[in-house]
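Here's the structure, in structure tokens; my notes come after.
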Amino acid sequence: MEHSAAIADRAEKVIARCKRLASITETPGSTCRTFLSIAMRECYRVVGDWMEAAGASVSIDAAGNLRGLYPAADTGAPRLLLGSHLDTVPDAGAYDGVLGVVLAVSLVETLEDRKLPFAIEVIGFSEEEGVRFGAPFIGSRALTGKLDDELLNRTDAKGVSVRTAIENFGLKPADISQAALSNDSLAYLEFHIEQGPVLESLRIPLGIVEGIAGQTRGEFTFLGRANHAGTTPMTLRHDAMAAAAEWILEVERVAKMEKGLVATVGRIAATPNAANVIAGQVQLSLDVRHSSNSLRIRTADFLAVQAEEIAHRRGLTVQRKTLLNQPAVSMDPFLMGQIEQAAVNAGCAVHRMVSGAGHDAMIVAGTIPTAMIFLRTPGGVSHHPSESVSVDDVAKAMECGMLLLTQLGGSAEFQKRMVRA
Ligand code: HGY
Ligand code: MN
Ligand code: MN
């Protein structure tokens with residue numbers, strides 16, 4: 001695949017910047033950045049410098065989103081949003097989320113002070129993964145006016161609430177309403193790695209996301225009776241770990257029954273968590289996803305019934321807390337068509353597909369027209385240090401992005417949307 005030398009250089013630089021950010025972490029030796037941590041502050045400083053050098057004015061909103069506004073040719077023109085998230089999962093790769101922010105900054109740099117008919121706001125969302133507080137999308141929910149008290153009052157493992165974390169970072173929860181999308185926001189575009197095997201299997205560098213699967217996230221706590229591991233006969237136990245184990249296998253069995261359904265228990269915490277003590281309590285996470293909302297909700301409800309049945313049969317109780325019930329969303333058809341045209345003009349085959357991974361785009365899509373461009377993920381590996389992306393594919397995405405910006409600037413439909421904004 002031929003690219004201009006300049007685009008190839010910029011693609012190399014995008015990858016180098018992602019690797020640089022991966023070294024900014026709360027856990028030396030692996031990559032982990034969670035909501036408004038000290039590592040996030042350093043990440044914002046570095047990315048904010050890049051934004052500023054590209055000609056954007058930089059701010060951090062009250063939900064901790066990093067925002068860089070690159071002006072339009074005319075003051076008062078509406079804005080196009082580009083971005084993704086800057087937080088990561090524990091032991092993360094270097095590209096999930098971060099690539100979308102760094103690539104957006106690089107597109108602004110590539111304008112080299114050329115101004116478009118619309119401004120560009122690059123957003124680095126503060127928290128998409130849901131690692132610190134169990135509930136994801138804090139940053140994008142603030143942008144769309146959905147960061148409610150229930151979420152603000154959620155606490156992390158140390159008992160620190162979202163609200164306090166915002167204050168500790170030097171921001172004011174009272175200003176959260178000011179983080180809302182400005183009403184001149186035309187659309188939101190997110191570049192993101194696919195995080196799965198589809199594009200690689202098709203040998204295609206870029207994907208156009210048609211929709212994002214809905215997700216249910218929950219917490220289940222099995223409550224049994226802690227006791228001595230050596231003296232308590234098997235017939236007299238109320239073992240929370242054994243109940244949890246039986247339920248985890250049930251989660252897997254049920255998910256295998258439906259095409260496209262995935263269900264995962266990724267986190268487990270036992271109390272008192274000692275080898276010679278029967279676990280009295282086990283808390284588990286549940287993550288259920290599917291493009292059909294009814295199937296996803298039915299599955300989560302069925303798994304709750306199964307947890308109750310297992311607990312009852314074993315003389316335990318079980319508590320369930322729903323942390324997220326996020327419906328599947330569709331992307332904007334006009335923007336998908338524009339992306340397809342830009343990709344074809346960049347000489348690139350594209351594939352339209354559903355995203356199994358969740359993204360800030362699924363939150364923003366409820367407020368303004370939204371679309372996503374996927375980059376091929378070698379090995380389909382993500383949420384892992386070996387996550388990668390090729391320079392060629394980043395160069396292709398850059399070319400497609402530059403053509404897209406020019407296309408939108410000249411599109412009659414986009415002009416109409418600009419007038420209405
Ligand atoms: O979990 C997800 O789907 C995304 O990577 N946050
Ligand atoms: Mn992720
Ligand atoms: Mn992501």
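Worth pointing out:
- Number of residues in region 88-115 that are open to solvent by less than 10 Å² (accessible area, probe 1.4 Å) and either more than 13 Å from ligand 2 (Cβ to nearest atom) or without any contact (Cβ under 8 Å) to a residue 40 or more places away in the chain (or both) equals 9.
- Test for residue 327: is it open to solvent by 70 Å² or more (accessible area, probe 1.4 Å), within 20 Å of residue 359 (Cβ to Cβ) and modelled with pLDDT of 95 or more: no
- Taking residues in region 134-147 that are of a type in the set (D, E, K, R), and partners anywhere that are buried (at least 23 other Cβ atoms within 10 Å of the Cβ), the pairs with Cβ atoms closer than 6 Å and at least 6 places apart or on different chains are 141/147; 141/363.
- If only residues of region 117-127 that are in a loop (DSSP other than H, G, I, E, B) and surrounded by 19 or more Cβ atoms within 10 Å (Cβ to Cβ) are counted, the one that is nearest to ligand 1 (Cβ to nearest atom) is 127.
- Failed criterion for residue 92 (all others in (1) over 25 Å from residue 177 (Cβ atoms); (2) at pLDDT below 95 hold): (2)
- Where a residue in region 179-192 is of a type in the set (A, V, I, L, M) and its partner, wherever it lies, is part of a strand (DSSP E or B), with Cβ under 6 Å and at least six apart: 186/80; 187/80; 189/82; 189/371
- Test: residue in region 296-306 that is closer than 22 Å to residue 194 by Cβ and modelled with pLDDT of 95 or more: yes
- All positions within region 85-100 that are of a type outside the set (Asp, Glu) and on the phi > 0 side of the Ramachandran plot: 97
- Test for residue 106: is it within 11 Å of ligand 3 (Cβ to nearest atom), under 18 Å from residue 44 (Cα atoms), in contact with a helix residue (DSSP H, G or I) (Cβ under 8 Å, 6 or more places away or on another chain) and of a type in the set (Gly, Ala, Ser): no
- Within region 50-60, tally of residues that are closer than 24 Å to residue 176 by Cα and not β-branched (Val, Ile, Thr): 5
- Residues of region 336-360 that are open to solvent by 30 Å² or more (accessible area, probe 1.4 Å), part of a loop (DSSP other than H, G, I, E, B) and within 16 Å of ligand 1 (Cβ to nearest atom): 356 alone.
- Across region 178-195, the qualifying residues are those that are within 16 Å of ligand 1 (Cβ to nearest atom), open to solvent by less than 10 Å² (accessible area, probe 1.4 Å) and not aliphatic (A, V, I, L, M), and the one among them that is nearest to residue 77 (Cα to Cα) is 190.
- Residue ID - most open to solvent (accessible area, probe 1.4 Å), chosen from residues in region 70-87 that are away from ligand 1 (no atom under 16 Å from the Cβ) and closer than 14 Å to residue 143 by Cβ: 79
- The residue list 326, 306 contains one member that is closer than 15 Å to residue 217 by Cβ and in contact (Cβ under 8 Å) with a residue 24 or more places away in the chain, which is 326.
- Selection from region 250-271 of residues that are open to solvent by 70 Å² or more (accessible area, probe 1.4 Å), touching a residue at least 24 places away in the same chain (Cβ under 8 Å) and not in a strand (DSSP E or B): 258
- Count of residues meeting criterion [away from ligand 3 (no atom under 16 Å from the Cβ), open to solvent by 30 Å² or more (accessible area, probe 1.4 Å) and in a helix (DSSP H, G or I)] in region 128-177: 9
- When residue 132 is tested against the conditions (1) on the phi > 0 side of the Ramachandran plot; (2) of a type in the set (D, E, K, R); (3) within 16 Å of ligand 1 (Cβ to nearest atom), the lone failure is (1).
- Restricting attention to region 361-399 and to residues that are open to solvent by 20 Å² or more (accessible area, probe 1.4 Å) and among the charged types (D, E, K, R), the residue that is farthest from ligand 2 (Cβ to nearest atom) turns out to be 399.
- Out of 33, 41, 20, 45, sole residue that is in a loop (DSSP other than H, G, I, E, B) and charged (D, E, K, R): 33
- Qualifying residue in region 377-399 (condition: part of a strand (DSSP E or B) and modelled with pLDDT of 95 or more): no
The values are calculated or read from the model by the stated rules, or taken from the named source; none is laboratory data. Note that the coordinates shown come from a computational prediction; the quantities given were computed from them, not determined experimentally. Quick reminder, even Gly has a Cβ in these numbers, built from the backbone with ideal geometry, and neighbours come from all protein chains shown. Each accessible area value is taken on the protein alone, full model and side chains, heavy atoms only, with ligands, DNA and RNA left out. Shrake-Rupley method; radii C 1.70, N 1.55, O 1.52, S 1.80 Å.
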